[in-house]
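Only one structure is covered here, and it is reproduced in the block below.
The values are calculated or read from the model by the stated rules, or taken from the named source; none is laboratory data. Just so we're clear, the structure is a prediction, and the values are computed from it rather than from any experiment. As a convention, Cβ positions derive from the backbone with ideal geometry for all residues, glycine included, and neighbour counts pool all protein chains shown. The protein model used for the area step is the full one, side chains on, heavy atoms only, and it has no ligands, DNA or RNA in it. Shrake-Rupley method; radii C 1.70, N 1.55, O 1.52, S 1.80 Å.
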Amino acid sequence: MTQSDNLAAMLDIMCPMSISVDQDGRIRRVGPTLQKLRPDEPMPGRLLLDFFEIRRPRNNSNLARVLTQPGERLDLRFLDAPRTELKGVVAPSPDGEGAVINLSFGISVLDAVRDYSLTSADFPVTDLTIEMLYLVEAKSAAMEASRKLNLRLRGAMIAAEEQAFTDTLTGLRNRRALDVMVQRLIDSRTRFSLMQLDLDFFKQVNDTLGHAAGDHVLQCIAEIMHEETRESDIIARVGGDEFVIVLNGLVEKHRLSMIARKLISRISKPIPYGGAKCRVSASIGTVRAPETGFVDIDLILHQADLALYAAKRSGRATHVFYSSDMDDRQAPMGAPVRPARVELDRPARRKRS
Amino acid sequence: MHGLINKAVETFFWHTYGAERWQRVVTTAELGFSEFEAMLIYDDEQSERLLEVVCAEIGRPRNEVLEDLGTFLVSHPMLEPLRRLLRFGGVTYVDFLNSLDDLPDRVRLAVSDLHLPQLELQEHMQGLFSLVCDPDMPGFANVLVGVLRAMADDYGALVMIDHRRRRDGSELITIALIETSYAEGRTFELGAGTG
C-alpha cells in the first residue's frame, strides 16, 4: 500500500465528505459520503467543475491558486439538482500535487439528509450532524408541547372572558359586555340605535307557573331577539326581564319600527311550557344616535329608559322613540311621572294576546 | 415531577383504558384538574398519588403498569416523534443500547428541566449487557424495561430482559441479545422528521 493509499483510507474514515484533486482541479479520490450524493456518476477522473460551481471565493478563475492555500475556504454547489450547497476547507496535499478539500453540508444538512436518504453511518461519530438532527427534532417536539399549552391557555382565557361577558341563562351578553361594546362603538364613531326592551306580565308567569317557566320564557325570548336581529347587533340581558339591543349602523326610523313591531308581535304570542301557555308581551324604547353620534353611554341608556317609560305608560306592547322633549318630564326616582305626550309607534292593527 | 412524565402516564392510561376511567382516576386522586400540562412542573406527591390510583383502578402491580407505559411510549403511533428520537441512538440495537449512557444528557438538550436518572451500560460478553440505573427516580427502571423491549421490536432484535433492584438501591437491568436481526424492524429515515 502506498502512502497516498494510506492517506486515502484515513480520509475515507475521518472525512467521508472530502475530495482530493490535482492542481488542475481533476478529481483523484472522493469520500464515500460525498460520492453517495451522486451515486450514478463516479467522480474520480473527472473535473471538480464538472460537478460543482464555485460559490466562494467569488472569483473562481483562479482555482489552481486556491488549491495551494492552506485553510482557504472553498464553497461549492452542485450544478444539477438537488443543488445542494457545500462548505469546504482546502488543505494542499503533502506531496505538493493538488489538495484535499473537506466538505460539509453546513446549514443545508436538514434538506441533504432527506434528499439523499443519509443515515448515521454516513457520518463519522465525531461529526455533530446526528446530534444536530436530533436537536432539531427534539426542539420541534418540545415546541409543539409548548404551543399546545399556549393554545389551551388562550382557549381558557377566551372561555373565561366569554363567561364574564355572558348571561348564563340566556347566552346573551350581560351588562358588563354591553358597556364595553357600546363604548367601543362610541369610540369608533359608529352610528347606532339602542332599544331598551322590557317584558310585560313576566312577574305573573314567574308567580303562577314558577321560576322554571320564567327561565324558559326568557330563553325563548332571547331566541326571538336573535332571529329578528343581525349577527352584528348586540343583545344583552341587563336585568331580570330587561334587555338591550344595540343595532349597529342602523338609525333609520322606518326599519327600526319594523324590527320593534316584529319583536313585540312575536313576543306577544303565547309560549307553551309543559301543559301551560305563558303570556307575556314587551315594551320597547328606542334611542337613535344623533348626527354627531353618541357621546356618553350613561346618557344613551337614560334616554332609552325615558322612551321605554313612555311606552309603558301609553299601554303595554308598545314601541316609542326617544325625543328630546322627554328630558324635562323626567321625574325623580320613585316619584309619579307626569304623563308625556309621546309619539306612539304602534302598528295599525295589533293582535292582542 | 416534570409535566412530561405525568402527561406520559395520563396519555398511556387514557389511550389504553379510556376517557371514562381516566375521569375516575382524576377524581379519586383529587388532582383538581383533568389534564396535565406537559411543560409544567408538578408536586412529586401528586405524581405518586396518580400512579397509586392508576394501579388500583386497573388492579395491576406498579412494575407491570410502568413497563406497559414504557412500551406504549415507543410503540404508539401518536408518539412517533419519541420513537424517532430514540432511534437517533444508532443504526443497530447494540448502538442504541450504547447510546443510553447519553440519554439523560440528550433529554436535557431538548427539555432543559427534565432530569432522568443516570444510566450506565456494560457489555460483559458478546451479546450480554447490563444497564445500571441510578435510584433517584423510583419506577424509572420499570419504564425503561418496557422501552428496551419495544425498541428491540423496533430494531427487529430478539432479546431477553431481566430486572432487579440491587442492595444499594440502584436498579440492574440485564439484556441478553439473542439475535440482532430476528425480525424485520421498523424503518427509520434520518431525514424524515425534519421536513
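Points to keep in mind about this one:
- Candidates are the residues of segment B:161-180 that are assigned to a loop (DSSP other than H, G, I, E, B) and open to solvent by less than 90 Å² (accessible area, probe 1.4 Å); the one that is nearest to residue A:110 (Cα to Cα) is B:180.
- Filter result (away from chain A (no Cβ under 14 Å), among the acidic types (Asp, Glu) and either touching a residue at least 40 places away in the same chain (Cβ under 8 Å) or assigned to a helix (DSSP H, G or I) (or both)) within segment B:4-34: B:20
- Residue match in segment A:241-250 (condition: open to solvent by 60 Å² or more (accessible area, probe 1.4 Å) and touching a residue at least 24 places away in the same chain (Cβ under 8 Å)): yes
- All conditions but one from (1) over 19 Å from residue A:297 (Cα atoms); (2) open to solvent by 30 Å² or more (accessible area, probe 1.4 Å); (3) over 24 Å from the mean Cα position of the chain (by Cα) apply to residue A:170; the one that does not is (2).
- For the residues B:53, B:65, the requirement of being under 22 Å from residue B:23 (Cβ atoms), at pLDDT 90 or above and out of contact with any Ser or Thr (no Cβ under 9 Å at 6 or more places or on another chain) singles out B:65.
- Any hit, segment B:59-66, residues being of a type in the set (Lys, Arg), within 28 Å of residue B:174 (Cα to Cα) and not in a helix (DSSP H, G or I): yes
- Evaluation of residue B:37 against the conditions (1) surrounded by 14 or more Cβ atoms within 10 Å (Cβ to Cβ); (2) in a helix (DSSP H, G or I) shows that the sole unmet condition is (2).
- Filtered by the rule that a residue be within 7 Å of chain B (Cβ to nearest Cβ) and either among the charged types (D, E, K, R) or part of a loop (DSSP other than H, G, I, E, B) (or both), segment A:111-141 gives A:114, A:117, A:118, A:119, A:137, A:139.
- Contact map, segment A:98-109: residues that are free of Cβ contacts under 8 Å to residues at least 40 places away in the same chain and in a helix (DSSP H, G or I) paired with residues that are among the basic types (Lys, Arg) and surrounded by fewer than 20 Cβ atoms within 10 Å (Cβ to Cβ), Cβ distance under 7 Å, separation 6+ or inter-chain. Pairs shown: A:106/A:87.
- Filter result for residue B:2 (open to solvent by 70 Å² or more (accessible area, probe 1.4 Å) and over 29 Å from residue B:176 (Cα atoms)): no
- Search result, residues across segment A:142-177 that are away from chain B (no Cβ under 14 Å), of a type in the set (D, E, K, R) and without any contact (Cβ under 8 Å) to a residue 40 or more places away in the chain: A:161, A:162, A:176
- Restricting the first member to segment B:109-126 and to residues that are within 14 Å of chain A (Cβ to nearest Cβ), and the second to residues that are in a strand (DSSP E or B) and open to solvent by less than 90 Å² (accessible area, probe 1.4 Å), the beta-carbon pairs closer than 8 Å and six or more apart or on different chains are B:111/B:2; B:113/B:2; B:114/B:2.
- Where a residue in segment A:8-32 is at negative phi and part of a helix (DSSP H, G or I) and its partner, wherever it lies, is of a type in the set (S, T, N, Q) and open to solvent by 50 Å² or more (accessible area, probe 1.4 Å), with Cβ under 8 Å and at least six apart: A:14/A:126
- Within segment B:67-88, the set of residues being open to solvent by 20 Å² or more (accessible area, probe 1.4 Å) and not in a helix (DSSP H, G or I) comprises B:76 only.
- Residue match in segment A:153-172 (condition: in contact with an Asp or Glu (Cβ under 9 Å, 6 or more places away or on another chain), over 18 Å from residue A:231 (Cα atoms), in a loop (DSSP other than H, G, I, E, B) and not acidic (Asp, Glu)): yes
- When segment B:89-108 is limited to residues that are outside any helix (DSSP H, G or I) and buried (at least 16 other Cβ atoms within 10 Å of the Cβ), the one that is nearest to the other protein chains (Cβ to nearest Cβ) turns out to be B:90.
- Residue match in segment B:173-188 (condition: β-branched (Val, Ile, Thr), under 29 Å from residue A:116 (Cβ atoms) and out of contact with any helix residue (DSSP H, G or I) (no Cβ under 9 Å at 6 or more places or on another chain)): yes
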